[in-house]
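Below is one structure; the comments refer to it alone.
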Amino acid sequence: MKVLLIVGVIILVLGVVSLFVPFPHTENHGVNAGPMSVNIQTKDSQKLPPALSAVLIIGGIGMSIAGARSKA
């Protein structure tokens, strides 16, 4: 199955990228008091935990090997 090989390579690449590229995260905080409102927007960039990246990399390698060995 070539589909399994392609999906495995995509997951492998995402796992490697997640080790180096931080993902942005935005939160909105606000208080409403009658006709007045105060809003604060915070932005933060965090990387995925290394254990999750390792799971993605190992899963991608396994899927790529399984896709390359299949005879379909």
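Table for the structure above
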item	result
Count of segment 1-49 residues which are closer than 30 Å to residue 70 by Cα and of a type outside the set (Gly, Ala, Ser)	16
Residues (closer than 30 Å to residue 12 by Cα and of a type in the set (Val, Ile, Thr)) located in segment 32-57	55, 57
Flag for residue 11 being in contact with a Leu (Cβ under 7 Å, 6 or more places away or on another chain) and free of Cβ contacts under 8 Å to residues at least 60 places away in the same chain	yes
Subset tally (residues that are among the aliphatic types (A, V, I, L, M), out of contact with any strand residue (DSSP E or B) (no Cβ under 9 Å at 6 or more places or on another chain) and surrounded by 10 or more Cβ atoms within 10 Å (Cβ to Cβ)) for segment 28-53	1
Pairs, first at pLDDT 90 or above in segment 41-67, second of a type in the set (S, T, N, Q) and part of a helix (DSSP H, G or I), C-beta under 7 Å, six or more apart	53/18; 56/18
Criterion violated by residue 57 - all others in (1) more than 18 Å from the chain's Cα centre (by Cα); (2) surrounded by 13 or more Cβ atoms within 10 Å (Cβ to Cβ) satisfied	(1)
Residue that is surrounded by the fewest Cβ atoms within 10 Å (Cβ to Cβ) [pool: residues in segment 60-72 that are outside any helix (DSSP H, G or I) and of a type outside the set (S, T, N, Q)]	71
Residue 25, sole failed condition from (1) surrounded by fewer than 10 Cβ atoms within 10 Å (Cβ to Cβ); (2) not in a helix (DSSP H, G or I)	(1)
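The values are calculated or read from the model by the stated rules, or taken from the named source; none is laboratory data. Just so you know, these numbers come straight off a predicted model, no measurement behind them. Note that each Cβ is placed from the backbone with ideal geometry, even for glycine, and that neighbours are counted across all protein chains shown.
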